[in-house]
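The values are calculated or read from the model by the stated rules, or taken from the named source; none is laboratory data. Since this is a predicted model, take the numbers as computed values, not measurements. For neighbour counting, all protein chains shown are included, and Cβ atoms are generated from backbone atoms with ideal geometry for every residue, glycine included. These area figures cover heavy atoms from the full protein model, side chains too; ligands, DNA and RNA do not enter into them. Shrake-Rupley method; radii C 1.70, N 1.55, O 1.52, S 1.80 Å.
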Amino acid sequence: MMIAYDVDYYNPTTIEEATQLFHRLVEEGKKPVYYAGGTEIITLARSERLDLDAIINIKSIHECLLAYSDENEITLGAALSLTQVIKTNFFPLLNQTIAQIADQTSRNQITLGGNICGDIFYREAALPFLITESKAVIANRTGIKEYPFKSIFNQKLQLSNEDLLVQLKVKKNEVNFPFYTVKKRKQWDVGYPLITVAAVKKKEQLKVAFSGLCNFPFHDVNIDKRINDPSLTAKERLDGVLNALSSPVLSDVHGSMDYRHFVLKNLLQEVVDAFKGAKT
Amino acid sequence: MTSRIVTLSINNDQYHVHVRNIDTLLFTIREKIGLTGTKPGCLNGDCGACTVNINGEAIKSCLMLTVEAENKCITTIEGLQDTTIQKAFIEKFAFQCGYCTPGFIMNGNDLIHNEPNASDSMIKSYLESNICRCTGYQEIEEAVKEALTNNNYDNR
């Protein structure tokens, strides 16, 4: 029941304090981690699968807790819990996607940034940002920068060791496009997902992002091309999608590769059907 | 410093306890403070047996550090004596072995206060946070619905 090793604990209140502290601890030879919801860090620490000796809690940093909408964009702090993000109702596709993560009580703890940056590979919260004009706000001791989300997310968020994800931003006009998202599990309504899909229809073209299909979440324009090709039959689309994948389809305890192929085929049809008649 | 003295407010009582920074709230509540109504189950955030209420929200205490809970209002199952939700669980006989019951009651209490007009799908969504190995879900659902009705009646 106890976690077997000791850690230092810090609770900075500013980005500058947190990033300077992280740098100082690294220079002292320590292994700090940024901490928000803590669900994954505590789980991994308990089973001794995480090597750390300092925790920097970012939940007292104002910028990491902001949630607001202005004329041009929506800003969501990385340390907001999934429940808090859902309550803002700013980004319906994100809301529906993250409402399927874990369970109600866990969503009170899991944070937006934690899900995107986590080691557990599903990272479903990244999907809506991959298919919309979105940005990641990242801080380190040299300052704060904004990056197009798609440019900095390749299988996982490409953070350097000392980077802190502060916020996610999405262009306001992007959140009004028709969307569809669904999570398929092998059985029941809780438990680990098999495949999660998030899709938007923009300028009459579908953009589809996947989690659980490979061992990382992704959006691939080559797959979009196949899905949007009206000359292809459903089977040709599926074959095209499978041929366009840059990594093998996952085969694990939650579903074999063949079973995922089967689920994907039906999912793609479900996505296409969901947008029939939707004008953008 | 890998440990510290923290002040915890639990069920309106103040506790000053020496904890390691890595201690989970579940460990501290049970082993340092002696409130053993909060149950250790999976220790992994899956079963909900360790659910407590922090500042009005249900939280799995196996996945929260004690140091995070300082200056927050903590309620454990011991703090819900004679409440609407507790009475409903008794009336509907919504327990068998009873091990998961504190977690379900904490979660149900969160629901009736934060979602007083909860739909069936909302109730289902909340109850998915907890596992009953005796599979007494039908009675648990009935108890939560009864508590929702009675709580709304009490609040008129």
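I need the full set of residues from the range A:38-73 which are hydrophobic (A, V, I, L, M, F, W, C), touching a helix residue (DSSP H, G or I) at 6+ places or on another chain (Cβ under 9 Å) and farther than 27 Å from residue B:122 by Cα, in order please.
Within the range A:38-73, the first condition is being hydrophobic (A, V, I, L, M, F, W, C), and the residues that meet it are A:41-42, A:44-45, A:50, A:52, A:54-56, A:58, A:61, A:64-67.
Subset that is touching a helix residue (DSSP H, G or I) at 6+ places or on another chain (Cβ under 9 Å): A:41-42, A:50, A:52, A:54-56, A:58, A:61, A:64-65, A:67.
Within the range A:38-73, A:41, A:42, A:50, A:52, A:54, A:55, A:56, A:58, A:61, A:64 qualify.
Checking each residue in the range A:223-270 for being surrounded by fewer than 16 Cβ atoms within 10 Å (Cβ to Cβ), under 24 Å from the mean Cα position of the chain (by Cα) and in a loop (DSSP other than H, G, I, E, B) picks out A:246, A:247, A:248, A:251, A:253, A:256.
Among the numbered conditions (1) surrounded by fewer than 24 Cβ atoms within 10 Å (Cβ to Cβ); (2) out of contact with any Asp or Glu (no Cβ under 8 Å at 6 or more places or on another chain); (3) more than 18 Å from residue B:142 (Cβ to Cβ), the only one that residue B:114 does not meet is (2).
Of all residues in the range A:82-100, those satisfying the criterion of being more than 13 Å from the chain's Cα centre (by Cα) and either farther than 17 Å from residue A:127 by Cα or assigned to a loop (DSSP other than H, G, I, E, B) (or both) are A:83, A:84, A:87, A:88, A:89, A:90, A:91. Between A:256, A:231, A:251, A:247, the distinction of being in the same structural domain as residue A:183 (by TED's automatic domain parsing) and in contact with a Phe, Trp or Tyr (Cβ under 8 Å, 6 or more places away or on another chain) belongs to A:247 only. The residue list B:95, B:89 contains one member that is more than 10 Å from every other protein chain (Cβ to nearest Cβ), touching a residue at least 24 places away in the same chain (Cβ under 8 Å) and either assigned to a loop (DSSP other than H, G, I, E, B) or surrounded by fewer than 21 Cβ atoms within 10 Å (Cβ to Cβ) (or both), which is B:95. Mind listing whichever residues of the range A:23-79 are touching a Ser or Thr at 6+ places or on another chain (Cβ under 7 Å) and open to solvent by 70 Å² or more (accessible area, probe 1.4 Å)? Correct list: A:68 only. Six or more apart or on different chains, Cβ atoms under 9 Å: show the pairs whose first residue is in the range A:130-156 and assigned by TED's automatic domain parsing to the domain that holds residue A:113 and over 23 Å from residue A:172 (Cα atoms) and whose second is open to solvent by 20 Å² or more (accessible area, probe 1.4 Å) and of a type in the set (Gly, Ala, Ser). Listed by first residue and then by second, the contacts come to A:140/A:160; A:155/A:247. Restricting attention to the range A:43-65, does a residue exist that is part of a helix (DSSP H, G or I), farther than 29 Å from residue A:196 by Cβ, more than 19 Å from the chain's Cα centre (by Cα) and more than 9 Å from every other protein chain (Cβ to nearest Cβ)? The answer is yes; a qualifying residue exists. The set of residues in the range A:2-42 that are at the interface with chain B (Cβ under 9 Å from one of its Cβ atoms) and touching a Pro at 6+ places or on another chain (Cβ under 6 Å) is empty. For the structure I just gave you, tell me whether residue A:33 is without any contact (Cβ under 8 Å) to a residue 60 or more places away in the chain, in contact with a helix residue (DSSP H, G or I) (Cβ under 8 Å, 6 or more places away or on another chain), within 20 Å of residue B:115 (Cα to Cα) and not in a loop (DSSP other than H, G, I, E, B). Criteria not met by residue A:33.
Number of residues in the range A:95-108 that are open to solvent by less than 20 Å² (accessible area, probe 1.4 Å) and either in contact with a strand residue (DSSP E or B) (Cβ under 6 Å, 6 or more places away or on another chain) or more than 14 Å from every other protein chain (Cβ to nearest Cβ) (or both) equals 3.
Scanning the range B:21-36 for residues that are crowded, with 17+ Cβ neighbours inside 10 Å, away from chain A (no Cβ under 11 Å) and not β-branched (Val, Ile, Thr) yields a count of 1.
Take the residues in the range B:6-20 that are away from chain A (no Cβ under 13 Å) and among the hydrophobic types (A, V, I, L, M, F, W, C); name whichever of them is farthest from residue B:69 (Cα to Cα).
Step one: of the range B:6-20, the residues away from chain A (no Cβ under 13 Å) are B:7-18.
If we keep only those that are among the hydrophobic types (A, V, I, L, M, F, W, C) as well, we get B:8, B:10, B:17.
On the way: B:8: 7, B:10: 10, B:17: 12 Å.
Checking each candidate, the answer is B:17.
Elements of the type strands (runs of 3 or more DSSP E) sitting completely within the range A:122-214 and holding at least 1 residues that are of a type outside the set (Asp, Glu), within 25 Å of residue A:64 (Cβ to Cβ) and open to solvent by 20 Å² or more (accessible area, probe 1.4 Å): these cover A:134-140, A:143-148, A:164-171.
Rundown of residues vs (1) closer than 22 Å to residue B:115 by Cβ; (2) open to solvent by 30 Å² or more (accessible area, probe 1.4 Å); (3) among the hydrophobic types (A, V, I, L, M, F, W, C); (4) at the interface with another protein chain (Cβ under 10 Å from one of its Cβ atoms), yes/no style:
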| position | (1), (2), (3), (4) |
| --- | --- |
| B:38 | no, no, no, no |
| B:46 | no, yes, no, yes |
| B:65 | no, no, yes, yes |
| B:72 | yes, yes, no, no |
